Structures are given as C-alpha cells and as structure tokens.
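Structure first, commentary second.
The numbers here are math on the coordinates, done by the rules we state, and not lab data. Since the structure is predicted, the reported quantities are computational estimates derived from the model, not experimental observations. Using ideal geometry, Cβ is built from the backbone for each residue, glycine included, and neighbour counts are taken over all protein chains shown.
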Amino acid sequence: VLHILSDITERNIDVLGFACYIWNIEMTLHVVDMVKAVRPDIKIILGGPEVSFTADEILNRCHAVDYVVQGEGEEAFYQLISALQNGKDGLGEEIPGVRGRHITGELMGST
C-alpha cells in the first residue's frame, strides 16, 4: 500500500480509477481513504461488479470516493472523464451509470 501512495504523490495524477471485486473492495476503500488524506484534490472513481449495485451505499460509507460507475462502464467512464476535463462535475450532465457526490455533499447522477 505504501508504494502505491508513494507513486501517486510523486506523479501529477488528477483521477484514479479502481475496478472493485468482492476480493479487493475492502483494500480498495482503505487505499482510497489514504490517497485522499494525502491528495484530497484527486478524483476517485470506482467501478466493477462489487459497486455496480451499491453505489449510494459505497458513496455514503466512504466519503473519499467521488464517483461510482455502474454496470458496463466503458462509455460512462469516458463521458465522465470528458466532463471532468471540461471543468464540469459530470453529475449535472446525467451520464447514464454514473453516481457521485456533489460539492454540496448530495448524491447525484443516474441510478
């Protein structure tokens, strides 16, 4: 875990994405919390089968997670990254399959 944090802090990373499965979800959430403690500006996106049906639960449980991409996420992930690159939060655009935490703390996006 420490080498992951070291790599992240040494690089100019804006967004981190994690594929979540039953066997790695707890470690992923632990790493995400540690990343946000060091680099609160990084946007954290989770996807994969372990979070696809529990987006709100994950977002409420782990405030370090900014977005959850549900289901087949290739197109949604692309649209979200495009929105972020254009200075948008990706939530007002209602990207299908994306849930996230607005700056106000409210959970937004498609369900």
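Working from Cα pairs under 8 Å separated by at least six residues, relative contact order for the chain is 19 percent. Multiplying the residue separation of TYR21 and LEU2 by 0.36 nm and subtracting their alpha-carbon distance yields 4.7 nm.
Here is the size of the chain from its Cα atoms: Rg then Dmax, 13.0, 36 Å. Using the Cβ-Cβ distance between GLU57 and GLU10 with R0 = 41 Å, the FRET efficiency computed as 1/(1 + (r/R0)^6) comes to roughly 0.80.
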